[in-house]
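Chemist: One structure, as structure tokens, below. Some questions next.
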């Protein structure tokens, strides 16, 4: 045996590599079973990133169904309310390249809140049925109203309304919600970049 | 009238990056003068040529990176790198050696990582080490000090730099070299046999070190940096030297005083270790950082292959700086030592 | 002598305090108009209790506190409420906020004040209530409701009551001058505060750059337990946490309150406000404001009514707007820029700083951070500001939080010391806001998720119940059929009988369902017709009886009345039904499952969007216009129809406004289309 190995060093190397591979494979296999990480199921993790507006712009009836679809391999760029930041977070979680937001499913916009023009409401309950988070209050033949704090701004109640009395109002910045922004790294104040300066001059 | 809307504070202290850099440049002057006095104009020519190259390379890099030249050149950081590398290089180095060193320092170590503030390694030391590894012969031949040989004049210094082929260099081993290469002699014999040893360190070296110490103390007084890193480094170097010094046998690494005043000790302690960008930031972090550099310098000087070790020690600790920072965060107001607030 | 401790870091910016203390406090007088923001403090905004046009007296309540952490607003002078509307306020955002606008009548007539000279005879809770209803909020700058701060939980023993007379910010002298001129009132206030929180010791902390104040307070504090502690000047020793460390050597735990370590801290100005509220019964309606900076000719301190416009005070001090590039409320270290000089001063306005351009030059562009560590050296919270900066810049907010971002007091010492001019504080403010925003968003999305899931579960349950009922019915029918079959076996031709029965049942069902789903309308109409007939017969009978003079006339009349009432009810029912089912004529509202409504909406929206994506904006606009136009014609038709049918007014009005809105939308769409076509 020893002589054989001495005569054929190639065999020796081969043998060594194969046996090393076998040993480490066994160790890794054992470790995988023994120290199995009980993480969140991936669907829950994806669902946690989705904005839970339940707007259906992705083509699924709610965020969780979309999370399930992503877990099953669907594209991750179909969620306009989550925005590009959401796509990025999903890409980080799933360890894939972040695509840009698919415009087919809508554009990223500021959060809105549904508002029912109450004088016009005829009490048909259609919007109540459409609301995915039960944020509209009212009964048949009685005026309805939106619980603004519960509204996700999903738009789904606007279309069913027969008298067009629902409007999506963008949330305005107030003294309470205003805050300082990070200094723009491309602005002159922080870090001057020549190309920007020339672009500004050109413009 | 439109009123400005900016965030507080609306007033600013006197500190400026460019001013800090200029102070550092000024503080190297005494050391530079002493080096010139003992070794001739070689170092001065090194520094000047390196400065020209630094501005050129910096401008090149900024142009390639589409950054405004004036704004970034005015911070003087490239000049500091040039002066530090120029001082570290042997006098009468050829122009191309300095050019390779500066290119490594400015382009490789600094701008490749994102420019000032983003470089994990001290640019001057990267340049130095690249040269030391690539051109060991040129990098370990040091000119003889005044008294041990004839000093070349300014013209000869320029000739050595720009027309190296025509310059017949006279070189001599440095005291640190001698100590490393001679194991069979008593330190005392060594001292007597070689004219380049001076009173405490080496001829010229001891005075250069004292001059750099003076410059460093001035910077400390100007509050350009804190005392923590340099003091920690000198302290551990002294302790290491004292521990291993056996009074002068053949294997001894030299006395603490010898180590403090020889080679690049003071220059390193006050001009390299204190480089803020690549060092640890917290107070305790700087203590650890400086102390470990001191230990490494001694170990490499005495047990390693290279005669001097400031560059290697600093680069190794540059690697460790983020790690040190992670574990030496100061205790925030209102927090207990073991993390957490109330 | 008290042991004075030091705190980490700090800076020494030029003080510039001498300019504004050369003269005594000047009375700014009563301006013609006062603007009183409803939120001048930390906490919930106050709620107006007066209406536009109301006449009010000086000191009268204008807006009441809403909740525990809130303070009321009072009228600073007598006059008329001229408006309650959004006005520009002193806030860095430059946004407007709800304000009460008061037009002065020039009389400056007080309402009756209830003074409590002997406060020691009054219950603590009652005193706290008095402070609260006098609208006292922290006068040092933050504006935290004073009563809330003083309402210490009984289980917490307070060792030290600290009055903050530090005023470490450069330029500001409002506290300095009241300590000089109103020292006795401060001492009195301190004793009231001490009565409220029962501390072991009372300390007034002052920096050593105010010798006059120290002397005045020491003179006033003789023979009282109040101690005056003097310590070296260093910014930000006036920060509450820093002052507590200086005077007690203790640190307020992160996320905790000073009361947790037995300390209550109040500004000297607040002490005077508390004293005035108790001893004189006067609410907080004015304060001392420093107006300073090189852009005013005579820097000085004013006693100004809350709500006075900044420009009014600036004029009084000789404002030179051409010199001035930014107007700061507060000091140069922590103050904020205001968007316009015409904003009112509030309870927290201690200083209006109008620097000349040369005095506080605009910040130069920031250079890269060189990690010099100067910021860490000066940070009074012992943070690593440059690390926080790197994290904030890289948007690694979680890491910034781990590095104790929220312990930053935004004092600005780091930015002041930074050799690279990096606006560090802005990074921290933005990062903090970002972290809070993320927390809120996460909370909201979690909430929506729960609601969505609850709805999903409910729908499933309903579906399951329906299914179960259906199954039960089916089973019952089968059982019946089986029984019948069994019985039928005994009789003759059972099968035929069962079939007959089933047929009959089916027919009945069809008829029934027809009546039910198909024509509720018919049923209602039928009811109307029948009742009308009955009414006719009843009326005829009644008439006949009356003519005969029969004795049962009354009974008959009652019957007629009842029947007509029934008729009215039936007609109304019919009407309501028609109204609730406006589409009754064309199509019946499908009793489709609710899930399908949502699903259908989604699909419709999807299809529309898919189409949209394929087209140019111009086409989109065109299409949009067409859609709107068709909707408009439909609505108009519906309106015509309703009018013709003489439907209820309410419906017509609703439809009219719909038509109106659609018309507007059509106009907007047309404009947009034109826009798109031209460019």
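Chemist: In the range C:433-462, which residues are more than 12 Å from every other protein chain (Cβ to nearest Cβ) and either over 21 Å from residue A:134 (Cβ atoms) or touching a residue at least 40 places away in the same chain (Cβ under 8 Å) (or both)?
Modeler: Selection gives C:439 alone.
Chemist: Further question on the same structure: Looking at the structure I just gave you, is residue C:259 outside any loop (DSSP other than H, G, I, E, B), more than 13 Å from chain B (Cβ to nearest Cβ) and more than 27 Å from the chain's Cα centre (by Cα)?
Modeler: Spelling it out, it is not the case that residue C:259 is outside any loop (DSSP other than H, G, I, E, B), more than 13 Å from chain B (Cβ to nearest Cβ) and more than 27 Å from the chain's Cα centre (by Cα).
Chemist: Here's another thing I want to ask about it. Going by what's in this entry, would residue C:213 be described as assigned to a helix (DSSP H, G or I) and either under 29 Å from the mean Cα position of the chain (by Cα) or crowded, with 19+ Cβ neighbours inside 10 Å (or both)?
Modeler: Working: assigned to a helix (DSSP H, G or I): yes; either under 29 Å from the mean Cα position of the chain (by Cα) or crowded, with 19+ Cβ neighbours inside 10 Å (or both): yes.
Here the answer is yes, as residue C:213 does meet what is asked.
Chemist: Right, residue C:269: under 30 Å from residue C:73 (Cα atoms) and either buried (at least 23 other Cβ atoms within 10 Å of the Cβ) or at pLDDT below 95 (or both) or not?
Modeler: Taking the combined requirement at face value, the residue satisfies it.
Chemist: Turning to a different aspect of this structure: If I filter the range C:1-57 down to residues being more than 14 Å from chain B (Cβ to nearest Cβ) and closer than 29 Å to residue C:201 by Cβ, which single residue comes out as farthest from the chain's Cα centre (by Cα)?
Modeler: Narrowing the range C:1-57 to residues more than 14 Å from chain B (Cβ to nearest Cβ): C:1-4, C:18-57.
Subsequent filtering for residues that are closer than 29 Å to residue C:201 by Cβ retains C:1-4, C:41-42.
Details: C:1: 48, C:2: 44, C:3: 45, C:4: 42, C:41: 13, C:42: 12 Å.
Here the answer is C:1.
Chemist: Mind checking which residues of the range A:100-151 are at positive phi and in contact with a helix residue (DSSP H, G or I) (Cβ under 8 Å, 6 or more places away or on another chain)?
Modeler: First pass over the range A:100-151, keeping only residues at positive phi: A:106, A:123, A:125, A:134, A:138, A:141.
Passing the criteria: A:106, A:123, A:134, A:138, A:141.
Chemist: Which of the residues spanning the range B:1-26 are in a helix (DSSP H, G or I) and under 17 Å from residue C:367 (Cα atoms)?
Modeler: Across the range B:1-26, the qualifying residues are B:17, B:18, B:19, B:20, B:21, B:22.
Chemist: Now for a different question. Which pairs do you get when a residue that is closer than 21 Å to residue C:285 by Cα, found in the range C:113-129, comes within reach of a residue that is assigned to a loop (DSSP other than H, G, I, E, B), reach meaning Cβ atoms under 7 angstrom, with the pair 6+ apart or on two chains?
Modeler: Matching pairs, first to second residue: C:113/C:59; C:113/C:281; C:113/C:282; C:114/C:281; C:115/C:281; C:116/C:122; C:116/C:281; C:128/C:151.
Chemist: Hey, another quick one. If you scan the range A:127-139, which residues turn out to be within 11 Å of chain C (Cβ to nearest Cβ) and either in contact with a strand residue (DSSP E or B) (Cβ under 8 Å, 6 or more places away or on another chain) or surrounded by fewer than 20 Cβ atoms within 10 Å (Cβ to Cβ) (or both)?
Modeler: A:127, A:128, A:129, A:134, A:135
Chemist: Please specify each residue of the range C:316-337 satisfying the condition of being facing chain B (nearest Cβ under 10 Å), modelled with pLDDT of 90 or more and assigned to a loop (DSSP other than H, G, I, E, B).
Modeler: Selection gives C:327, C:330, C:331, C:332, C:333, C:334, C:335.
Chemist: Report the residue count in the range C:440-456 for those that are more than 17 Å from residue A:67 (Cβ to Cβ) and surrounded by fewer than 13 Cβ atoms within 10 Å (Cβ to Cβ).
Modeler: 3
Chemist: Tell me whether the range A:164-178 contains one or more residues that are under 31 Å from the mean Cα position of the chain (by Cα), at pLDDT below 85, assigned to a loop (DSSP other than H, G, I, E, B) and more than 30 Å from residue A:106 (Cβ to Cβ).
Modeler: Among the residues of the range A:164-178, at least one is under 31 Å from the mean Cα position of the chain (by Cα), at pLDDT below 85, assigned to a loop (DSSP other than H, G, I, E, B) and more than 30 Å from residue A:106 (Cβ to Cβ), which makes the answer yes.
Residue-wise test of (1) in the same structural domain as residue C:294 (by TED's automatic domain parsing); (2) surrounded by fewer than 24 Cβ atoms within 10 Å (Cβ to Cβ).
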residue	(1), (2)
C:335	yes, no
C:342	yes, yes
C:347	yes, no
C:365	no, yes
C:368	no, yes
C:412	no, no
C:423	no, no
C:428	no, no
C:438	no, yes
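Chemist: What about residue A:155, is it assigned to a loop (DSSP other than H, G, I, E, B) and touching a residue at least 24 places away in the same chain (Cβ under 8 Å)?
Modeler: yes
Chemist: Can you tell me how many residues within the range C:147-176 are within 27 Å of residue C:208 (Cβ to Cβ), surrounded by fewer than 24 Cβ atoms within 10 Å (Cβ to Cβ) and touching a helix residue (DSSP H, G or I) at 6+ places or on another chain (Cβ under 7 Å)?
Modeler: Within the range C:147-176, residues that are within 27 Å of residue C:208 (Cβ to Cβ), surrounded by fewer than 24 Cβ atoms within 10 Å (Cβ to Cβ) and touching a helix residue (DSSP H, G or I) at 6+ places or on another chain (Cβ under 7 Å) number 2.
Rundown of residues vs (1) under 30 Å from residue C:607 (Cβ atoms); (2) away from chain C (no Cβ under 14 Å); (3) touching a residue at least 60 places away in the same chain (Cβ under 8 Å), yes/no style:
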{"residue": "A:36", "(1), (2), (3)": "no, yes, no"}
{"residue": "A:43", "(1), (2), (3)": "yes, no, no"}
{"residue": "A:49", "(1), (2), (3)": "yes, no, no"}
{"residue": "A:62", "(1), (2), (3)": "yes, no, yes"}
{"residue": "A:77", "(1), (2), (3)": "yes, no, no"}
{"residue": "A:83", "(1), (2), (3)": "yes, no, no"}
{"residue": "A:87", "(1), (2), (3)": "yes, yes, no"}
{"residue": "A:98", "(1), (2), (3)": "yes, yes, no"}
{"residue": "A:102", "(1), (2), (3)": "yes, no, no"}
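Chemist: Which fully enclosed helices (runs of 4 or more DSSP H) of the range A:1-80 have 2 or more residues being more than 13 Å from the chain's Cα centre (by Cα)?
Modeler: In the range A:1-80, the matching helices (runs of 4 or more DSSP H) lie at A:2-7, A:9-34.
Chemist: Do you know which of the residues in the range C:390-429 that are without any contact (Cβ under 8 Å) to a residue 12 or more places away in the chain and outside any helix (DSSP H, G or I) is farthest from residue C:253 (Cα to Cα)?
Modeler: C:394
Chemist: Could you tell me how many of the residues in the range B:27-54 are in contact with a helix residue (DSSP H, G or I) (Cβ under 6 Å, 6 or more places away or on another chain) and part of a helix (DSSP H, G or I)?
Modeler: Total satisfying the criteria: 17.
Chemist: Of these, B:106, B:55, which one is surrounded by 24 or more Cβ atoms within 10 Å (Cβ to Cβ) and either closer than 16 Å to residue B:129 by Cβ or not assigned by TED's automatic domain parsing to the domain that holds residue B:276 (or both)?
Modeler: That would be B:106, the only listed residue that is surrounded by 24 or more Cβ atoms within 10 Å (Cβ to Cβ) and either closer than 16 Å to residue B:129 by Cβ or not assigned by TED's automatic domain parsing to the domain that holds residue B:276 (or both).
Chemist: Here are some residues: C:570, C:527, C:515. Which one is under 60 Å from the mean Cα position of the chain (by Cα), surrounded by 12 or more Cβ atoms within 10 Å (Cβ to Cβ), at pLDDT below 70 and outside the structural domain of residue C:474 (by TED's automatic domain parsing)?
Modeler: Testing whether each residue is under 60 Å from the mean Cα position of the chain (by Cα), surrounded by 12 or more Cβ atoms within 10 Å (Cβ to Cβ), at pLDDT below 70 and outside the structural domain of residue C:474 (by TED's automatic domain parsing) leaves just C:515.
Chemist: Here's something else I'd like to know. Name every residue in the range C:85-120 that is buried (at least 18 other Cβ atoms within 10 Å of the Cβ), touching a strand residue (DSSP E or B) at 6+ places or on another chain (Cβ under 7 Å) and away from chain A (no Cβ under 14 Å), in order of residue number.
Modeler: If the condition is that a residue be buried (at least 18 other Cβ atoms within 10 Å of the Cβ), touching a strand residue (DSSP E or B) at 6+ places or on another chain (Cβ under 7 Å) and away from chain A (no Cβ under 14 Å), then C:100, C:101, C:102, C:104 are the ones that fit.
The values are calculated or read from the model by the stated rules, or taken from the named source; none is laboratory data. As the structure is a prediction and not an experimental result, all values here were calculated from the model. Glycine gets a Cβ as well: all are built from the backbone with ideal geometry, and neighbour counts include every protein chain shown.
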